[in-house]
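Asks: First, the structure itself, so that you have it in front of you.
The values are calculated or read from the model by the stated rules, or taken from the named source; none is laboratory data. A quick note: this is a predicted structure, and the numbers were derived from the prediction, not measured. Here the Cβ is made from the backbone with ideal geometry for all residues, glycine too, and neighbour counts use every protein chain on show. Heads up: the accessible areas ignore ligands, DNA and RNA and are worked out on the full protein's heavy atoms, side chains in. Shrake-Rupley method; radii C 1.70, N 1.55, O 1.52, S 1.80 Å.
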Amino acid sequence: QVQLVESGGGLVQAGGSLRLSCTASGRTFSSYTMGWFRQVPGKEREGVSCISSSDGRTYYADSVKGRFTISRDNAKNTVSLQMNSLKPEDTAVYYCAVRQGSWSLVPRFYRYWGQGTQVTVSS
């Protein structure tokens, strides 16, 4: 059974940093694309970043480029998201997800999801 567990969310002031982590279990994920998504109440879930399995390439939404960095550790089945220069508009529930296949920031292409972790950025 695949399980994804996020950690690292919290409350931070604008300009601050947080690091999110996600640990996957249930199988080996070295061949999976791993991604981070976020959702604000009343809005659709949106892709934030993902990292491919084959070459470790990273992809980012325009809104977070230059501020967020995604990384993965295949030996530990983890994916992390370092978030710097946080803005109030980054406030959301952040989810990690995995998919077999090439990179994508489209939520519906991901099969397995974590339960989410709240990130709140105060102004």
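Asks: Tell me, which residue of the range 88-98 that is touching a strand residue (DSSP E or B) at 6+ places or on another chain (Cβ under 6 Å) and surrounded by fewer than 21 Cβ atoms within 10 Å (Cβ to Cβ) is farthest from R27 (Cα to Cα)?
Replies: P88
Asks: Consider E6 carefully, then state whether it is at pLDDT 95 or above and either on the phi > 0 side of the Ramachandran plot or touching a Ser or Thr at 6+ places or on another chain (Cβ under 7 Å) (or both).
Replies: Yes, satisfied.
Asks: Let me spell it out: the conditions are (1) modelled with pLDDT of 95 or more; (2) over 13 Å from L4 (Cα atoms), and A75 meets all of them except one. Which number is the exception?
Replies: It fails just one condition, (1).
Asks: Mind checking which pairs have a first residue in the range 62-82 that is open to solvent by 70 Å² or more (accessible area, probe 1.4 Å) and a second that is of a type outside the set (S, T, N, Q) and at pLDDT 95 or above, Cβ under 8 Å, 6 or more apart or different chains?
Replies: Here the result reads T69/L81, each pair linking the range 62-82 to a residue that is of a type outside the set (S, T, N, Q) and at pLDDT 95 or above.
Asks: Take the residues in the range 99-123 that are touching a helix residue (DSSP H, G or I) at 6+ places or on another chain (Cβ under 9 Å) and farther than 18 Å from S63 by Cβ; name whichever of them is most open to solvent (accessible area, probe 1.4 Å).
Replies: Result: W113.
Asks: With of a type in the set (A, V, I, L, M, F, W, C), farther than 14 Å from S7 by Cα and touching a Pro at 6+ places or on another chain (Cβ under 6 Å) as the only criterion, which of V40, V121 stands out?
Replies: On inspection, the qualifying residue turns out to be V121.
Asks: On to the next question. I need the strands (runs of 3 or more DSSP E) fully contained in the range 1-58, keeping only those with at least 3 residues that are among the hydroxyl-bearing types (S, T, Y) and either surrounded by fewer than 20 Cβ atoms within 10 Å (Cβ to Cβ) or touching a residue at least 24 places away in the same chain (Cβ under 8 Å) (or both).
Replies: So the answer is 18-25.
Asks: Which one of R72, R111, R99 is closer than 23 Å to G10 by Cα and charged (D, E, K, R)?
Replies: R72
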